[in-house]
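One structure is given below, encoded as structure tokens.
The values are calculated or read from the model by the stated rules, or taken from the named source; none is laboratory data. Keep in mind the model is a prediction, meaning the values are calculated, not measured. Here the Cβ is made from the backbone with ideal geometry for all residues, glycine too, and neighbour counts use every protein chain on show.
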Amino acid sequence: MGCLGQCTPRGRVVKTLLKVMLLCLLVQAFVAVHWTVPALGTDDEKVGFRWALGALVERDGESRLESVTRDASLRSGERFKMMIELQKPCFVYVIHHSAQGQIALLFPYSMTQFDTDYRVGRKYSVPEGDAWFELDEHPGKETLYLLAAPERLKELEGLLSRYASAEASAGEELQKQILETIRGLRKQYRELAAPAERPVTIGGTVRELKVPEAPGRPKLDTIAVDIRSGGILVRTFTIEHKE
């Protein structure tokens, strides 16, 4: 069919643009049906929780709560406490390795807690309730391990459970296996930890001491920090107690 009076060069350009636009719409519709395009800014963080490590120290005759985020020195009689608040469904562990070589699971309070009393949004204190860890009169060097993972660390849990009920003769070998497992996790997932992460010194041979929450005493959640990771995270706190 030949051009009529409106088939001018300008009219041909308009028709060409309309054809191009129609073709683009058809291509977009085809892609939408046959492919799923990932959204920009997708949140790939699998571990998320708030964490606080606070020391109740005596300074200038007053007791005050200090956030322990870098090297610190505590004296005999001073106390510290931890808080965990999940922001994503993940699994957090706090493990204590004493100067005498003993290992204790501080959090969860028991292995059954993950199945019974463990949920996002709840604040968990370590030690539980109003108890605090207090540095006793014996200087020593101890270690706290903070681990978090999207899934339960079944191998580590199994070793800890066996160690808790083991005879003394088998305990030493299990201690080595537990520490080797933690170090292996730390090495494997080091790139997911905070940049330039290093051990944090906080001080002390510890014991639990009931310290009632006095009115006006600062709460641990006021010094809490957010911790995020795309996978397993391991942090180490080296404890040195000075008299």
Margin query: Among the residues of the range 129-146, are any touching a helix residue (DSSP H, G or I) at 6+ places or on another chain (Cβ under 9 Å) and of a type outside the set (S, T, N, Q)?
Written below: yes
Next item on the list: Might you let me know whether the range 208-218 holds any residue that is loosely packed, with under 12 Cβ neighbours inside 10 Å, part of a strand (DSSP E or B) and either modelled with pLDDT under 50 or among the polar types (S, T, N, Q) (or both)?
Entry: yes
Check: Take the residues of the range 57-78 that are at pLDDT below 80, assigned to a strand (DSSP E or B) and among the hydrophobic types (A, V, I, L, M, F, W, C): which is surrounded by the most Cβ atoms within 10 Å (Cβ to Cβ)?
Finding: L74
Item checked: Listing of helices (runs of 4 or more DSSP H) fully contained in the range 101-194 that carry 2 or more residues being within 30 Å of E243 (Cα to Cα) and either in contact with a Phe, Trp or Tyr (Cβ under 9 Å, 6 or more places away or on another chain) or in contact (Cβ under 8 Å) with a residue 60 or more places away in the chain (or both) -> 168-188
Check: What tally of residues in the range 134-147 results from selecting those that are touching a Gly at 6+ places or on another chain (Cβ under 9 Å) and farther than 11 Å from S76 by Cα?
Finding: 2
